[in-house]
1. Which value in Å does the Kirkwood hydrodynamic radius of the chain take, with 1/r averaged over all unlike C-alpha pairs and then inverted?
2. Add -39500 (n - 2.57) for each DSSP H run of 4 or more in the chain, then divide by its residues: what number comes out at 222 nm, to the nearest 500 deg cm²/dmol?
3. Cα centroids of region 169-238 and region 61-129: how far apart, whole angstrom?
4. Any idea what the dipole of region 28-114 comes to, in debye rounded to 20, about its Cα centre with Lys/Arg Cβ at +1 and Asp/Glu Cβ at -1?
5. Dipole magnitude of the chain about its Cα centre, charges +1 at Lys/Arg Cβ and -1 at Asp/Glu Cβ only, in debye to the nearest 20?
6. Ranking request for peptides 306-313, 76-83: highest mean number of other beta-carbon atoms within 10 Å first, then the rest in descending order.
7. Where Lys and Arg each count +1 and Asp and Glu each count -1, what net charge lies around Gly76 among other residues with Cβ under 12 Å from its Cβ?
8. Please state the equivalent ellipsoid semi-axes for region 74-152: what are the square roots of 5 times the Cα gyration tensor eigenvalues, largest first, in whole Å?
Amino acid sequence: MKVLYIGGTGTISSSCVAESVAQGQDVYVLNRGRTSKRPLPDGVTAVTGDVSNPASLKAAFEGADFDSVVNFLSFGAEDAQAMADLLDGRVGQYVHISSASIYHKPVRQWPVTESTTRRNPYLAYAQDKIAAEVVLERAYEERGFPVTIVRPSHTYDDANPPLPGDWTAWDRIARGDELVVPGDGTSLWTLTHARDLAVGLAGLIGNWQAIGEDFHITSDESLTWDEIYGVIARTERVEPRLVHLPSEFLPKVAPDWFWSTLILGDLAHTAVFDNSKIKRFVPAFHATTTWSEGARRLHAWRAANPELTRPDAGTDAVLGRLVEAHHTAVAAITAPAS
């Protein structure tokens, strides 16, 4: 199998590239050639190109012959249409990386299956991903464009903790500071290590029965947010100091913080997935990395890479502001009537 990854050095894509190499696939990676903390493994052929530049992208495909193309850098209807037009008749399979955030919010029932209605009125990112899926599904139905859609959920690797606030949030827990958990901390959430997802995705490459199909690929382990943060605290051998704030307060307290909208439109909702479909198509897929193991791996990476995991002062200020908002709200509620 000759496969081209568009992207390939990100949190998810780097693990997928490594798994494709391990499976003996002939792997190419197209990106802008910038230095990354996740270098390409041996055996990968680098292709320089800019997915946002149509001329650059077209030049990268001139004279090329790929069995599969996996695109981690498609985010809306326009670029989905451009890829369908560019690759029509030129590849045997186009794997489009979408997102599990597209599933109906608020959640009406769980576990979520691939047939769950797509609707997320809170999150523009999810709306764009839905629009891209619609374009590609139409291309498959009308002209047989060989698309396979993959929807990761909240996926992390050893270098990127799956937390609102990233390493800064981890650092607050490690040093014993208070940290806000949106909602009451009891909604269920699914975290997936990228090396597990990679087995499922690499198994779909060249799997011709997967053309015209869609898949989410997640862990089967679901934890509450209080448990997720509690595991980090135990890993750091501290007591967690968690406080809670309604999710809808976050955009009001921190309107400039990227995570505020993402929490309200995705992370605040229970996310439990039925992975039966990916297991039928890729029998080798089975998520084996528990969050307890994942947290230990992150802890080890943080200890080995202090220069890359330092807390960010601006993010720390936002997280502190959320804590203050919690205490202000509690004080207002408990204050005696005048």
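FYI, it's all coordinate maths here, none of it is from the lab. Note that the structure is predicted; figures quoted are calculated from it, not measured. Virtual Cβ from ideal backbone geometry, glycine too; neighbours counted across all protein chains shown.
1. Values: mean 1/r = 0.0474 Å⁻¹.
The Cα-based Kirkwood calculation yields 21.1 Å.
2. Values: 12 runs with 131 residues, N = 338.
Computed mean residue ellipticity for the chain: -11500 deg cm²/dmol.
3. Distance between centres, Cα-based: 21 Å.
4. Working: 8 positive and 10 negative charges, 104 e Å.
It comes to approximately 500 debye.
5. Numbers: 30 positive and 42 negative charges, 50 e Å.
Roughly 240 debye, rounded to the nearest 20.
6. On the way: 306-313: 11.9, 76-83: 19.0.
Ranking, from highest mean packing down: 76-83, 306-313.
7. Working: positive: Lys129; negative: Glu78, Asp79, Asp128, Glu133.
That sum, taken over residues with Cβ under 12 Å, equals -3.
8. Working: eigenvalues 117, 33, 17 Å².
Value: 24, 13, 9 Å, ordered largest first.
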